[in-house]
1. Which whole-number value in Å² is the accessible area per residue of segment 300-401, probe 1.4 Å?
2. Let me spell out the model: positive unit charges on the Cβ of Lys and Arg, negative unit charges on the Cβ of Asp and Glu, origin at the Cα centre of segment 283-354. What dipole size does that give, in debye rounded to 20?
3. Might you report the magnitude of the Cβ-based charge dipole of segment 209-341 about its Cα centre, with Lys and Arg at +1 and Asp and Glu at -1, to the nearest 20 debye?
4. Identify, among 265, 229, 254, the residue whose Cα sits farthest towards the positive end of the charge dipole of segment 213-300, taking +1 on the Cβ of Lys and Arg and -1 on the Cβ of Asp and Glu, with the dipole about the Cα centre.
5. I'd like the accessible area for residue 222: 1.4 Å probe, protein heavy atoms, all chains in place, Å² to the nearest 10.
6. Using only alpha carbon pairs under 8 Å that are at least six residues apart, calculate the relative contact order of segment 300-445 and give it in whole percent.
7. Could you run the Karplus curve 6.51 cos²θ - 1.76 cosθ + 1.60 with θ = phi - 60° over segment 113-119 and give me ³J(HN,Hα) per residue in whole Hz, x for Gly and Pro?
8. Whole angstrom only: what separates the Cα centroid of segment 302-354 from the Cα centroid of segment 110-133?
Amino acid sequence: MPDSTPEAARRSRNTVVRQPGVLSIRAIVLGAVVLIVLAVGAVTWLLLGFTGGDTAANSVQLDAIRTAGTLVVGGGGAAALLLAALRQRTAGQDLAEKARATTITEHDATERRVTELYTKAAEQLGNTNAPVRLAGLYALERLAQNHTDQRQTIVNVLCAYLRMPYTLPGEPPPDDADNDLTARHRERVQEREVRLTAQRILTHHLRPGDDPDTPATTFWADIDLDLTGATLIDLDFDHTVMRHTQFSDARFSGNALFQVTRFSGDAQFGGAEFSGNAWFGGARFGGNAAFINARVGGDAQFGGARFRGNAQFDGVRCGGGAGFEWALFSNDACFVGSQVGGGGAFQHAQFGGDARFGGARFGGDTQFFWVQVDGDAQFDEAEFGGEAQFNMTRFRGDAQLHGARFRGGAQFDGTRFACGVPAIVQSYRDSARPPDAPADPGSAN
């Protein structure tokens, strides 16, 4: 039966419970002292036992004992070094594991904080009050600036916001209009400011550091844009740098500025509508550039532009003029079925591939002089409402002008055809040659 007296309870409290198999510090110290004493005693006895005489055998035995002692001491030192190395390795592993756990914890905390900020900003974008939506845009911008891995995601959110349906406010309602009409107009005006802010955020961060107004630390590189069907207002993307871009079916209210813009990937503008001018002067298209069936209310300017991929302008409708002076088309350029209300300017343009203008319509004067076409040139059924000037142009491939109509006349002075002079060109030359002039030597080569 257990002892339940106060004395037994006191003894129980003072009793130290030891884990089985774990040596105490006192036992380790005593064991070490005993081993040292025994080792010293054994070595002393051996030395005294084998050094009694001065014989050669005793000297050899003494040397052997000394050598063995040295080996024992050296082995003990090596064992101590090994144990120290093992302890250091274990300590290093523990520290590395703790650092790894700390890093994982910090990463998880950062991810949670980013998720919370992103969710809150996204909720603000859906708010009915314009100031709250503006705050959400700036929160997303700050989040993308501080976290590079989140930039493309943030840009996708901004693009998705601009893709949402929107109707421009138009003229303000009269003073005597009902309250609902006035409120709707005010909401559209406020939403326009929110959208202009989203556009400015994109513009600010897509301009590289060589722009004096944009520090290098704020530039977001390798960004893709998907603004398919978006409503864009007075867009100013001059000097910006983008990768793959989607502007298909987008509506550009006012002028659209893309001068000296660099598209490192494909640029899609198919079906886009430009209510004003479309300025792409000096732009660089690293991939394919597609403007198929685009509509431009004003002028379309691509002077000095560089197209490394295919340039597709099929079915384009341009209310004003189209300027491609000094443009460089490295591959094929297609203007099939395009209509230009004003004149077309292609002075000093260079076509590295085929140039296709079949069925194109130019309302005003069109200038192709000093143009070089390395591939085939096709102008079948093209119509030039004003004068068409092809002076000093070089066609290194086949030039096809079957059914072309020059309503304002055509000039082919100094034009060179590598594959023979087309009949319509020869007829213009014959009509322009005085009756007593010698036969055309054939500027055919």
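The values are calculated or read from the model by the stated rules, or taken from the named source; none is laboratory data. Not measured: the values here are computed from a predicted model. When we count neighbours, we look across all protein chains shown, and the Cβ atoms used for this are built from the backbone with ideal geometry, even at glycine. Remember, those area values only see protein heavy atoms, side chains included, never the ligands or the DNA or RNA. Shrake-Rupley method; radii C 1.70, N 1.55, O 1.52, S 1.80 Å.
1. Details: 3470 Å² over 102 residues.
I get 34 Å² per residue for segment 300-401.
2. Values: 5 positive and 5 negative charges, 39 e Å.
Approximately 180 debye in magnitude.
3. Numbers: 8 positive and 16 negative charges, 69 e Å.
Using Cβ point charges on Lys, Arg, Asp and Glu, segment 209-341 gives about 340 debye.
4. The residue sitting farthest along the positive end of the dipole is 265.
5. 110 Å²
6. Working: 466 pairs, mean separation 21.9, N = 146.
Computed over segment 300-445, the figure is 15 percent.
7. After applying 6.51 cos²θ - 1.76 cosθ + 1.60, I find 5, 4, 4, 5, 5, 4, 5 Hz.
8. What the calculation gives is 44 Å, centre to centre.
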